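The values are calculated or read from the model by the stated rules, or taken from the named source; none is laboratory data. If you're wondering where the values come from, they're calculated on a predicted model, not measured in any experiment. Cβ placement follows ideal geometry from the backbone for every residue including glycine, while neighbour counts extend to all protein chains displayed. Each accessible area value is taken on the protein alone, full model and side chains, heavy atoms only, with ligands, DNA and RNA left out. Shrake-Rupley method; radii C 1.70, N 1.55, O 1.52, S 1.80 Å.
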Amino acid sequence: MSDVVFYFDFGSPNAYLSHKVIPGIEARTGAKFDYVPVLLGGLFKLTGNRSPAEAFAGIKNKLAYEGRETQRFVRRHGLTEYRPNPFFPVNTLKIMRGAVAAQRQGVFAPYVDAVYHHMWEAPKKMDDPEVIAAALTESGLDAAALMAGTEDPEVKQALLDNTTRAFEAGAFGSPTFVVDGEIWFGKDRLRDVEEAIAEAA
């Protein structure tokens, strides 16, 4: 079974919720999810998309329903650590560049876990460089090396390239999954993703 591509941005709570469910899917199927950092703001510009908070702001009952669906998902999967981030929306440029830097520094998995923790479990203002550095240090990571990595021109370009490839694959938001060339969007499609993995295998 080839890897399942997971295009993610830390700013999406639905990508966080997907991240928490993915290990169970990997255990059941033997597939591995290939986490690809993208910049959600860049995807929005490429596609003309907007965040749900903006897109649905004028639609009566829509955002309330979306919140209800999130709580159902949280209950279904026992995701009791999830907390809405009071600083949302957060500009994720720095922490997404940090994800690319973490890949190059060999600390990608702990970095992803740490940033998701500080975004959606013990939520902080994760677009403030001082807050980011303190959060990474708290999580046992080399904040100085990672923050320096976010300024590397190659890291910046790699994030742009990831975002462009996601757009070319059909992505318009996060979380987006690709299984055997087929694209799926949203945490609520994870059941379909798991079925697609089984069919591909």
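Odds and ends about this structure:
- Pairs where the first residue, in segment 64-76, is over 11 Å from Asp188 (Cβ atoms) and the second is of a type outside the set (Val, Ile, Thr), C-beta under 8 Å, 6+ apart: Val74/Leu17; Val74/Tyr82
- Among the residues making up segment 15-38, a single one is of a type in the set (S, T, N, Q) and modelled with pLDDT under 95: Thr29.
- Residues of segment 170-190 satisfying the condition of being closer than 19 Å to Ser12 by Cα and either open to solvent by 50 Å² or more (accessible area, probe 1.4 Å) or among the basic types (Lys, Arg) (or both): Phe172, Ile183, Trp184, Phe185, Lys187, Asp188, Arg189
- Residues of segment 149-162 that are acidic (Asp, Glu) and in a helix (DSSP H, G or I): Glu154, Asp161.
- Members of segment 88-122 that are at pLDDT 95 or above, over 19 Å from Pro153 (Cβ atoms) and of a type in the set (A, V, I, L, M, F, W, C): Val107, Phe108, Ala109, Val112, Ala114, Val115, Met119, Trp120, Ala122
- All positions within segment 131-147 that are in contact (Cβ under 8 Å) with a residue 24 or more places away in the chain and not acidic (Asp, Glu): Ile132, Leu136, Ser139, Gly140, Leu141, Ala145, Leu146, Met147
- Among the helices (runs of 4 or more DSSP H) confined to segment 1-120, the ones with at least 1 residues that are among the aliphatic types (A, V, I, L, M) and surrounded by 18 or more Cβ atoms within 10 Å (Cβ to Cβ) are located at 13-29, 40-47, 93-105, 108-120.
- Qualifying positions in segment 166-198 - more than 19 Å from Val112 (Cβ to Cβ) and of a type in the set (Lys, Arg): Arg189, Arg191
- For segment 159-169, filtering for residues that are buried (at least 18 other Cβ atoms within 10 Å of the Cβ) and either over 16 Å from Leu39 (Cα atoms) or of a type in the set (Gly, Ala, Ser) (or both) leaves 1.
- Of the residues making up segment 125-148, at least one is surrounded by 22 or more Cβ atoms within 10 Å (Cβ to Cβ), in a helix (DSSP H, G or I) and touching a Lys or Arg at 6+ places or on another chain (Cβ under 8 Å).
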